[in-house]
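Visitor: Submitted below is the structure of interest, expressed as C-alpha cells.
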Amino acid sequence: MATSSKPMEPLSFYDILMRPPVASTCCSPNPWKARFALNFKNMDYTTTWVALPDVAKVRSSLGVDACRKFADGEDFYTLPVLIDSNTGAKVGDSFDIAVYLQSQYPTAGSGHLFPPQTLDFVYQLETPLLVPLSTEREGKYEEYARFNTNVDAAFTAHVSICAFKLPFDPATEEASKAQFVQRASAYGLTSFDQFEVKGEAREKVKESLRLMLGDLGKLYLRDPSGPFLLGQQASYADLIVGGWLRMMKVTLPENEWEEVSSWHGGLFGRLYDGLEKFMEVK
Ligand SMILES: N[C@@H](CCC(=O)N[C@@H](CS)C(=O)NCC(=O)O)C(=O)O
C-alpha cells in the first residue's frame, strides 16, 4: 500500500487509440482486461491514447521491455502499460497489471481480483497463431495465468472475423492497415481487403467459435446464479473473458454480436451486461 501522507497520484494507463469517440470504439482485449481491473479496484487513473503505429516508440520511451515476440523472434511492442508514480512501478502486461493492483491495493474497490477457484478450461490450437502469445508466467495465481493463456488462444483463433471491422483512428488508418498486412504477408496477404472473412468461411469460424464458447461456458454453469464464474462475485477470470467479448461487441456486425451473446442460453450476453459496471472509459 502507498502509506505516505502525500495524496495519491492518479495512475497512468496506456491504451490503443481507435476512432473517436474512443469510449465506444476502444476494443483491444488486453488493454480492456487492464481497464476492467483498474475499474474493479476503483483506482484513480488517466488514460493516454496511443496511435497504433506509435505503440513501439511509446512503450520503448517509457522504458518498458516488450513482453511478446513475433514468430521470427523479433520484439513485439504492445499495450497496455500501467505506470504508478506513487510507487515507481511500470508494468507492461495485462496479467501483471492485475497482479500488481491486487498486491499494491489489496482492499481497494470490489475486493480480491483472484479469489481461489478452479479454472480448468483448456484450448488446443489447431494451427500456430500469426503472432505467438506472451509466454505464460509462473508464480502467483497460476490457475488464473493458465486460464488467461487458454482464453487468449481460444479467442485469438477466431479473431479473423473481427479484424476487418476494427475501428481504426482515421489519422493512422492507412499505416495501421499496412502494418497488419505486413505481419500477415507470410500467409500470402497483400492487401487489407483480404482480411475480410465472408460467406461459408465466415460461417465455419462462427461455428467453431460457438463450440469453443460452449466449452468455456461449462465453467459458468457450475454456479448458475451467474452472471460471473463465482455467481454474483466477479473475478479477474471474468474480466479476461470480458476483454475479448468487448472486442467482439465492437467489431462484429450487430446481428452477429446478437447471435454470440444469445448462444448457450445467453450466458455470454449476461456476462457482458454484468461487466458493464466496470466498463467506464476514462
Ligand atoms: N501479454 C500482453 C499482450 C498485449 C497485446 O498483445 N496487446 C495488443 C493489443 S490487445 C497490442 O498492443 N497490439 C499492438 C499491435 O498490434 O501493434 C498483455 O496481456 O498485455
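Any read-out appearing in this document is the output of simple, stated calculations on the displayed coordinates, not a laboratory observation. Just so it is clear, the structure is predicted and the values come from calculations on it, not from any experiment. Cβ placement follows ideal geometry from the backbone for every residue including glycine, while neighbour counts extend to all protein chains displayed.
Visitor: Go through the range 129-144 residue by residue and turn each phi into a ³J(HN,Hα) via Karplus (6.51, -1.76, 1.60, θ = phi - 60°); whole Hz please, and just put x for glycine and proline.
Guide: Per residue, the Karplus-derived 3J(HN,Hα) values read 6, 4, 10, x, 6, 4, 5, 5, 7, 10, x, 5, 6, 4, 4, 5 Hz.
Visitor: Normalised by the residues of the range 192-263, what does the relative contact order come to in percent, with Cα pairs under 8 Å and at least six apart?
Guide: 15 percent
Visitor: Let me ask something additional. Take each of the peptides 7-15, 56-64, average the number of other beta-carbon atoms within 10 Å over its residues, and list them starting from the highest.
Guide: 7-15, 56-64
Visitor: How about the range 178-282: which GluC sites (Glu not before Pro) there lie in a loop by DSSP and see at most 14 other Cβ atoms within 10 Å?
Guide: Passing sites in the range 178-282 are E196, E280.
Visitor: With a Förster radius of 25 Å, plug the Cβ-Cβ distance of L125 and A178 into 1/(1 + (r/R0)^6) and report the FRET value to the nearest 0.05.
Guide: 0.40
Visitor: What does the charge count near K90 come to, summing +1 for each Lys or Arg and -1 for each Asp or Glu among other residues with Cβ under 13 Å from its Cβ?
Guide: -3
Visitor: Ok, one more. Taking the range 134-209, which trypsin sites (Lys or Arg not before Pro) meet the DSSP loop condition and have no more than 10 other C-beta atoms within 10 Å?
Guide: Those that pass, being in a loop and sparsely packed, are K198.
Visitor: If all Cα-Cα distances of the chain are sorted into 10 Å bins from 0 onward, what percent lands in each bin, rounded to whole numbers?
Guide: Bin by bin from 0 Å, the calculated values are 6, 29, 38, 22, 5, 0, 0.
Visitor: So, one more: With 30 Å as the limit, write out which pairs from K69/K218; K6/K282; K140/K177; K33/K206 have Cα-Cα distances beyond it, or answer none.
Guide: Violating the 30 Å Cα-Cα cut-off are K69/K218; K140/K177.
Visitor: Mind listing the long-range amide H neighbours of Y45? Cut-off is under 5 Å, sequence gap 5 or more, other chains count too, H placed in the peptide plane at 1.01 Å from N.
Guide: Amide H neighbours of Y45, under 5 Å, 5+ apart: L11.
Visitor: Can you show me the helix-derived [θ] at 222 nm for the chain, built from DSSP H runs with n ≥ 4 at -39,500 (n - 2.57) apiece and divided by the number of residues, rounded to the nearest 500.
Guide: -14000 deg cm²/dmol
Visitor: Could you tell me which chymotrypsin sites (Phe, Trp or Tyr not before Pro) in the range 30-137 are loop residues by DSSP with no more than 15 other beta carbons within 10 angstrom of their beta carbon?
Guide: F70
Visitor: Can you tell me the relative contact order of the chain? Whole percent, Cα pairs under 8 Å, sequence separation 6 or more. Kindly include the intermediate steps, with their values, before the conclusion.
Guide: On the way: 412 pairs, mean separation 63.4, N = 282.
Answer for the chain is 22 percent.
Visitor: Under 13 Å from the Cβ of E138, count the other residues' Cβ atoms, weight Lys and Arg +1, Asp and Glu -1, and hand me the total. Don't jump to the answer; show the numbers that get you there.
Guide: Working: positive: R137, K140, R146; negative: D96, E136, E142, E143.
Result for the local shell: -1.
Visitor: Could you tell me whether the range 9-103 comes out rounded, prolate or oblate from its Cα gyration tensor? Rule is a ≥ b ≥ c as square roots of the eigenvalues, rounded for a/c under 1.5, then prolate if a/b exceeds b/c, otherwise oblate.
Guide: Taking the square roots of the gyration eigenvalues as a ≥ b ≥ c, the range 9-103 is oblate.
Visitor: Expressed as a whole number of Å, what is the distance separating the alpha-carbon centroids of the range 225-268 and the range 62-104?
Guide: 25 Å
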